[in-house]
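Colleague: Attaching a single structure in structure tokens format; questions to follow.
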Amino acid sequence: MNVAKDAVVSMDYTLHVEDELVDQGQLDYLHGHKNIVAGLEDALSGKAVGDKVSVVVPPEKGYGLYDPEGVQVLEREAFPADADLEEGAMFYAEDPQGNPMPFTILGIEGQDVTVDFNHALAGETLNFDVTVTGVRPATAEELAHGHVHGEGEHSH
Ligand code: ZN
């Protein structure tokens, strides 16, 4: 079968930003459910096992444009007392719907903690090289959850 909505796609991939390798590995995802960045998902539509895809994804179809308003100053008291606050550390806040919102600490000055809610790859053009290694129909349970389940284990 070819990659289409509700297919589970397996792939080997590398991700370069400019000439730097920032990620590589193997990934299974559920096509058509925004499990991966839009530009890569679009490029994989209609592909089959063995196909190789090289795609340049602009920020708008990747991790978004860099938003200056994503940089905010929080009070040190907003963090747990035992939190290890240091430059570069990542934490998670929750939006009003309870979705995790990761952010990175940019700096600490007295009681002020400057943080950045932008994705580390926001504003970057992403260069993916992908080989499709598997395509199968999703199970009913995977479709209900909107993501792929591994073999055997399911812990949520
Ligand atoms: Zn699930």
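Colleague: So if I place +1 on the C-beta of Lys and Arg and -1 on the C-beta of Asp and Glu, and nothing else carries charge, what would the dipole magnitude of the chain be about its Cα centre? I want it in debye, nearest 20.
Modeller: Charge dipole of the chain: 920 debye, to the nearest 20.
Colleague: Once Lys and Arg get +1 and Asp and Glu get -1 on their Cβ, which of Asn99, Val71, Val9 lies farthest toward the positive end of the dipole of the chain?
Modeller: Val9
Colleague: Roughly how many debye, to the nearest 20, is the charge dipole of region 59-103 about its Cα centre, given +1 on each Lys and Arg Cβ, -1 on each Asp and Glu Cβ, and no other charges?
Modeller: 200 debye
Colleague: Just in region 1-81: which GluC sites (Glu not before Pro) are loop by DSSP and have at most 10 other Cβ atoms within 10 Å?
Modeller: Glu18
Colleague: Counting other Cβ atoms within 10 Å of each Cβ, which trypsin sites (Lys or Arg not before Pro) in region 24-100 have at most 13 and sit in a DSSP loop?
Modeller: Answer in residue order: Lys34.
Colleague: Could you work out [θ]222 nm for the chain from helices alone, using -39500 (n - 2.57) per DSSP H run of at least four and dividing by all its residues? Round to the nearest 500 deg cm²/dmol.
Modeller: -2000 deg cm²/dmol
Colleague: Looking at region 1-105, which chymotrypsin sites (Phe, Trp or Tyr not before Pro) are DSSP coil and have at most 16 other C-beta atoms within 10 Å of their C-beta?
Modeller: Answer by residue number: Tyr66.
Colleague: Moving on. Can you compute the label reach from Ser45? Point 7 Å from Cα along the Cβ direction, backbone N cut-off under 20 Å, restricted to region 1-29.
Modeller: Within reach of a label on Ser45: 1-11, 29.
Colleague: Hey, another quick one. If the viscosity is 0.692 mPa s and the temperature 37 °C, what Stokes-Einstein diffusion coefficient in µm²/s follows for region 35-156 when Rh is the Kirkwood radius over Cα pairs?
Modeller: Approximately 186 µm²/s, per Stokes-Einstein.
Colleague: Tell me, what is the percent relative contact order of the chain, built from C-alpha pairs under 8 Å that lie six or more residues apart?
Modeller: Taking the mean separation of contacting Cα pairs over the length of the chain, I get 34 percent.
Colleague: Read phi for every residue in region 116-129 and hand back ³J(HN,Hα) as whole Hz from Karplus 6.51 cos²θ - 1.76 cosθ + 1.60, θ = phi - 60°, with x for Gly and Pro.
Modeller: 10, 8, 5, 4, 4, 9, 4, x, 9, 8, 9, 10, 9, 10
Colleague: Want the number for Glu151 to Asp129: 0.36 nm per residue separation, take away the alpha-carbon distance, what's left?
Modeller: My answer for the length gained is 5.3 nm.
Colleague: Starting from the 7 Å offset along Cα-to-Cβ, what nm value, one decimal, do you get for the label separation of Phe79 and Arg136?
Modeller: 4.3 nm
Colleague: Taking θ = phi - 60°, what integer Hz values does the Karplus form 6.51 cos²θ - 1.76 cosθ + 1.60 yield along region 15-21, in sequence order, with x for Gly and Pro?
Modeller: The phi angles translate into 10, 10, 10, 6, 9, 9, 6 Hz.
Colleague: Between Asp67 and Ala144, with labels modelled 7 Å along Cα→Cβ, what's the label distance in nm to one decimal, could you check?
Modeller: In this crude label model, Asp67 to Ala144 measures out at 3.3 nm.
Every number in this text was worked out from the coordinates using simple rules, so none of it is lab data. Values in this document were obtained by computation on a predicted structure and should not be read as measured data. Here the Cβ is made from the backbone with ideal geometry for all residues, glycine too, and neighbour counts use every protein chain on show.
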